Amino acid sequence: MRTGPPILVFLIGPAAVGKMTVGAALAARTGLKLFHNHQTIDLVLPYFTFGSPPFDRLVTQFRRRIFEEIAESDLPGLIFTYVWAFDQPADEADVERYASVFLERGGSVHYVELQASQRIRLERNATPYRLERKPFKRDIEASRRNLISMDESHQLDSRGRFADRKDWLRIDNSELSPEEAAEMVIAHFGLPTVSPRVVI
């Protein structure tokens, strides 16, 4: 149950950097609900091609409605994973729209940018947990090509643009466990916790 204003944590970073696994560890410690981006993507993909107008409309609408319901509920808040292409103004606009749902209700929004090398992310791309939770990633070769293509086509690193913002935390999680990264987020933003710290 909520004891204060709703909290939104944006977990941002390139494909297979570990957003979902860090999000799961953070959810276990804070009681915030994890909403990873593929929950809406994989819902719509069987019907409409990725990036098509109906695909984009449905994904956006589903996400916004879930944000609204959680922000207005007794739940403490939400952890949302997002691949932000910093060279795309539309992505920044989406992030601002999602954040506004919580800010307009007196909530707080915290941004966590995860980064790791492409080599490490290609290894993580085929982990059992990722494949279990993201059915459309089970074609490993296609998923690998998509990861490399995204890296080549877009700027998936903020490059220090938000370094002076108090609501922004950048973590290189190349050598960190999800639990260690989650603890860094909790400590940096002073997030409330509901379970004991896991000793690694």
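We did not get these values from a lab; they are worked out from the coordinates using the rules stated. Worth saying up front: this structure is predicted, and the values here are computed from it rather than measured. No Cβ is skipped: glycine too gets one built from the backbone with ideal geometry, and neighbour counts run over all protein chains shown.
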Legend entry - Positive-pole candidate from Ala90, Val22, Val112, dipole of the chain, charges at beta carbon: Val22
Legend entry - For segment 1-68 versus segment 132-157, the gap between their alpha-carbon centres in whole angstrom: 17
Inset, instruction - Compare the Cα positions of Pro53, Phe80, Ile70 along the charge dipole of segment 41-85 (+1 at Cβ of Lys, Arg; -1 at Cβ of Asp, Glu; about the Cα centre) and return the one farthest towards the positive end. - result: Pro53
Legend entry - Counted charge near Trp168, where neighbours are those whose Cβ lies closer than 11 Å (Asp, Glu -1; Lys, Arg +1): +1
Legend entry - Matching label, semi-axes √(5λ) of the Cα gyration tensor in Å computed from the structure shown, candidates [x] 24, 21, 17; [y] 28, 19, 17; [z] 25, 17, 16: [x]
Legend entry - Stretchable slack from Ser195 to Ile148, in nm (0.36 nm times residue separation minus alpha-carbon distance): 13.2 nm
Legend entry - Estimated inter-spin distance, Glu68 and Val83, nm [label 7 Å along Cα→Cβ]: 2.8
Inset, instruction - Show me 81-91, 103-113 ranked by packing, highest mean number of other Cβ atoms within 10 Å first. - result: 103-113, 81-91
Inset, instruction - Sort Phe10, Phe50 so the one with the fewest other Cβ atoms within 10 Å of its own Cβ comes first. - result: Phe50, Phe10
